[in-house]
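Notes follow the structure.
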Number of protein chains: 6
Amino acid sequence: MTYANQNHSQHPQLTDDSRFVRGLAQLNRIDGDAGEAVVARVGAIAPDFARYLVEYGFGDIYSRPGLGLREREIAVVAALAALGNAAPQLKVHINAALNVGVTQDEVLEVLMMMSVYAGFPAALNGLFAAQEVFDARNIDGK
Amino acid sequence: MTYANQNHSQHPQLTDDSRFVRGLAQLNRIDGDAGEAVVARVGAIAPDFARYLVEYGFGDIYSRPGLGLREREIAVVAALAALGNAAPQLKVHINAALNVGVTQDEVLEVLMMMSVYAGFPAALNGLFAAQEVFDARNIDGK
Amino acid sequence: MTYANQNHSQHPQLTDDSRFVRGLAQLNRIDGDAGEAVVARVGAIAPDFARYLVEYGFGDIYSRPGLGLREREIAVVAALAALGNAAPQLKVHINAALNVGVTQDEVLEVLMMMSVYAGFPAALNGLFAAQEVFDARNIDGK
Amino acid sequence: MTYANQNHSQHPQLTDDSRFVRGLAQLNRIDGDAGEAVVARVGAIAPDFARYLVEYGFGDIYSRPGLGLREREIAVVAALAALGNAAPQLKVHINAALNVGVTQDEVLEVLMMMSVYAGFPAALNGLFAAQEVFDARNIDGK
Amino acid sequence: MTYANQNHSQHPQLTDDSRFVRGLAQLNRIDGDAGEAVVARVGAIAPDFARYLVEYGFGDIYSRPGLGLREREIAVVAALAALGNAAPQLKVHINAALNVGVTQDEVLEVLMMMSVYAGFPAALNGLFAAQEVFDARNIDGK
Amino acid sequence: MTYANQNHSQHPQLTDDSRFVRGLAQLNRIDGDAGEAVVARVGAIAPDFARYLVEYGFGDIYSRPGLGLREREIAVVAALAALGNAAPQLKVHINAALNVGVTQDEVLEVLMMMSVYAGFPAALNGLFAAQEVFDARNIDGK
């Protein structure tokens with residue numbers, strides 16, 4: 001398959017280790033302690049999956065240069081609020097959005113927009129999750 | 001309810017007309033002809049709903065100052081790709097994203113990210129929709 | 001389990017045949033030709049499943065006395081429009097709603113409401129489905 | 001766009017205030033204290049969104065004359081049970097349904113129907129939510 | 001409808017009682033106490049629906065000969081993890097999978113696969129549910 | 001993070017190339033021409049994503065030893081039918097299931113089960129997809 005080989009040749013040959021190391025650094029930059037806590041928690045039951053999450057999610061995808069971290073987190077908060085079935089991950093990524101420079105007001109705007117695309121319950125539950133995250137950060141002095 | 005009155009006082013009293021006019025201008029800026037086509041199509045069966053779409057979706061939400069149009073469209077493309085059940089709207093908003101300054105590469109990044117949050121089928125179907133939109137714009141010389 | 005036996009004793013002992021016969025009569029009353037076409041189509045690949053659909057869906061559930069057929073179809077149209085992933089069934093049930101006395105305007109109201117609970121794309125796609133159904137019935141002279 | 005202007009002319013020019021006032025009255029009629037509690041809760045984090053919920057959800061949509069409140073709440077309970085990702089809103093609307101004259105038995109019928117259209121888990125979780133709502137109302141003497 | 005009659009003739013005429021009895025035996029084999037607890041809980045609010053769950057879900061579907069119980073539970077765990085909106089049922093069926101011979105490692109593999117088809121949050125929440133189920137069984141000495 | 005390092009040490013250090021090569025072989029075994037067609041199609045718009053699909057989906061996940069390919073495809077067919085929003089991928093995986101030894105009857109059983117967990121429309125649309133796949137294979141003489 002030519003397209004794949006062509007594409008492949010643009011990438012230095014990475015061992016899994018470099019993907020893992022790069023992903024872990026990216027995860028820490030974005031999610032801080034909360035991200036590492038998720039990885040540790042899933043590592044306790046499925047260590048390979050913790051590795052995939054770091055390697056694929058953060059080493060491959062989040063490390064790509066073509067889109068800023070602010071934009072990436074705006075996309076993720078929107079998607080998880082719209083789906084409405086992954087409350088813990090939504091909170092992790094509202095935190096992550098704030099960590100990479102999205103403001104609280106911008107998070108609220110993203111969530112309010114979801115009323116148009118996924119309905120008011122999705123927006124409301126997203127806003128309530130944001131309030132929990134904002135409150136916890138205030139207590140932590142962030 | 002004090003909060004609502006407080007909030008309300010920050011807004012000039014708008015007639016529905018001003019919401020509609022403002023929304024229609026915003027819709028045209030974002031979606032161009034495609035947006036107006038959707039409004040006309042729904043107006044043929046449910047004229048009040050065409051008005052709500054313009055007034056609430058574009059006059060109220062999209063006209064808010066707290067988040068850029070680029071970020072708004074990134075959020076919407078992400079959400080619709082993740083939900084995976086609104087193919088026509090996803091295409092309208094991939095177009096809209098390009099109209100407000102999101103690049104083709106950024107659209108692809110947003111869609112690839114959805115593989116992590118909503119699975120590879122959601123990302124794949126989003127990418128195929130993007131290709132259709134990109135191709136149509138190339139033919140139109142945009 | 002006492003509750004089940006108690007409950008059971010209120011029901012005459014029905015053979016599967018009576019459930020099927022009752023369900024088929026109810027299906028014809030509600031969905032007309034469209035319902036029978038669905039049953040025939042699924043019967044071609046999975047005959048037992050066609051039987052379950054008639055027996056459980058229509059013989060058990062739709063034949064219950066506690067809610068009118070109008071209300072039942074309003075509920076189904078709302079649910080299928082909100083889910084947004086079952087377009088053929090949504091059209092069958094918009095037709096069914098009209099067959100049991102829901103007016104075209106009431107169908108449109110139900111679909112517009114879904115903008116609040118499942119987002120504008122769900123409502124829009126529901127309205128476009130309704131237009132197709134209304135148009136087809138006009139051609140058929142219903 | 002002619003259709004919109006035509007449609008618009010059928011509506012008296014409403015200020016936002018009249019939409020808000022009308023929506024709040026409708027919200028109180030339907031949801032009682034639970035509705036106002038939701039509005040107050042969202043108002044604490046996003047006051048504009050509390051206003052939109054009242055204005056659009058209740059001032060625009062729920063105030064439309066073409067469908068009875070009983071039918072509206074049947075539609076909403078069905079949709080939220082089918083989606084299965086908005087448990088708090090489902091409970092608010094089971095309560096609302098009872099407030100506008102849907103009987104407990106009718107609520108149960110709507111939820112049982114969802115087994116056919118969204119699966120038994122959606123129906124079961126809806127029935128458990130209904131039991132919580134019924135129990136709370138019994139304690140409150142409603 | 002010939003197909004249905006043909007199909008029907010392959011089935012001995014069963015009374016509802018035989019479907020219920022067969023379903024209850026199957027439910028006990030698969031879900032053990034947890035299944036009966038669910039049936040009792042739903043029976044308290046909607047006794048007919050408890051009966052349908054046993055008759056249709058277990059008497060009709062789970063009792064079919066064409067697919068092993070191991071494969072059936074693998075399918076159900078995958079579907080419920082992918083949907084991500086039925087946490088209690090997912091746990092019941094992780095338990096059921098273990099009861100019918102799916103190993104803990106196989107359950108984890110099924111859940112990890114869902115990262116590809118429904119996203120990492122669906123997989124993660126499935127894995128956390130599995131850990132709860134595995135832990136509870138360890139305490140119970142299973 | 002100890003768990004990850006421990007886990008990592010059980011894996012030989014793989015370059016990306018070995019993941020890609022292994023994934024492509026697995027993809028061809030499972031999906032045959034249809035899989036390669038999907039990879040080529042996505043490669044035309046997002047070559048890196050075609051690589052991720054092969055590397056992560058097939059090189060990492062499908063190549064794991066802990067679950068048979070038959071069971072993996074049963075899980076995927078169930079999940080995609082339940083989600084109901086990825087029709088092209090459902091057909092690819094019904095084909096894949098047949099390729100790895102799941103029988104047509106077993107595919108039908110998996111899809112019928114989804115009526116219990118995701119509703120009759122999900123099951124029906126899955127059965128109709130299966131019929132298309134079965135018919136195409138008959139024409140191809142498989």
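The values are calculated or read from the model by the stated rules, or taken from the named source; none is laboratory data. As the structure is a computational prediction, the values presented were derived from the model and not from experiment. So basically every Cβ, Gly included, is an ideal-geometry build from the backbone, and we count neighbours across all protein chains shown. Side chains are part of the model used for accessible areas, which takes the heavy atoms of the whole protein and leaves out ligands, DNA and RNA. Shrake-Rupley method; radii C 1.70, N 1.55, O 1.52, S 1.80 Å.
Things worth noting here:
- Scanning region D:98-114 for residues that are more than 7 Å from every other protein chain (Cβ to nearest Cβ) and not in a loop (DSSP other than H, G, I, E, B) yields D:Leu98, D:Asn99, D:Gln104, D:Val107, D:Leu111.
- In summary, B:Gly66 fulfils each of the numbered conditions (1) outside any helix (DSSP H, G or I); (2) under 10 Å from the mean Cα position of the chain (by Cα) with the single exception of condition (2).
- Some residue of region A:90-97 being buried (at least 23 other Cβ atoms within 10 Å of the Cβ) and closer than 26 Å to C:Met114 by Cβ: yes
- Filtering region A:1-17 for residues that are charged (D, E, K, R) and at pLDDT 95 or above leaves an empty set.
- Looking across B:Gly84, B:Gly57, one residue alone is over 11 Å from the mean Cα position of the chain (by Cα), touching a residue at least 24 places away in the same chain (Cβ under 8 Å) and closer than 25 Å to B:Ala118 by Cα. It is B:Gly84.
- Lone unmet requirement of (1) of a type in the set (Asp, Glu); (2) more than 23 Å from B:Ala118 (Cβ to Cβ); (3) within 14 Å of chain A (Cβ to nearest Cβ); (4) open to solvent by 40 Å² or more (accessible area, probe 1.4 Å) for B:Asp33: (3)
- Among the residues making up region D:53-66, those that are of a type outside the set (Gly, Ala, Ser), within 7 Å of another protein chain (Cβ to nearest Cβ) and open to solvent by 10 Å² or more (accessible area, probe 1.4 Å) are D:Leu53, D:Asp60, D:Arg64.
- All positions within region A:98-129 that are within 13 Å of A:Glu73 (Cβ to Cβ) and of a type in the set (A, V, I, L, M, F, W, C): A:Leu98, A:Val100, A:Val102, A:Val107, A:Val110, A:Leu111
Conditions tested, residue by residue: (1) free of Cβ contacts under 8 Å to residues at least 40 places away in the same chain; (2) within 23 Å of B:Ala86 (Cα to Cα).
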{"site": "C:Asn95", "(1), (2)": "no, yes"}
{"site": "C:Thr103", "(1), (2)": "yes, no"}
{"site": "C:Phe120", "(1), (2)": "yes, yes"}
{"site": "C:Leu124", "(1), (2)": "yes, yes"}
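- Residue identified as part of a helix (DSSP H, G or I), open to solvent by 20 Å² or more (accessible area, probe 1.4 Å) and β-branched (Val, Ile, Thr) among A:Val38, A:Val77: A:Val38
- Answer residue from region F:116-142, given it is open to solvent by 20 Å² or more (accessible area, probe 1.4 Å) and of a type in the set (Gly, Ala, Ser) and is farthest from the other protein chains (Cβ to nearest Cβ) among those: F:Gly141
- For the criterion of being more than 7 Å from every other protein chain (Cβ to nearest Cβ) and under 27 Å from B:Gly84 (Cα atoms), C:Glu73 passes.
- Only one of the listed residues (D:Gly35, D:Gly43, D:Gly57) is at pLDDT below 95 and closer than 26 Å to A:Leu108 by Cα. That residue is D:Gly35.
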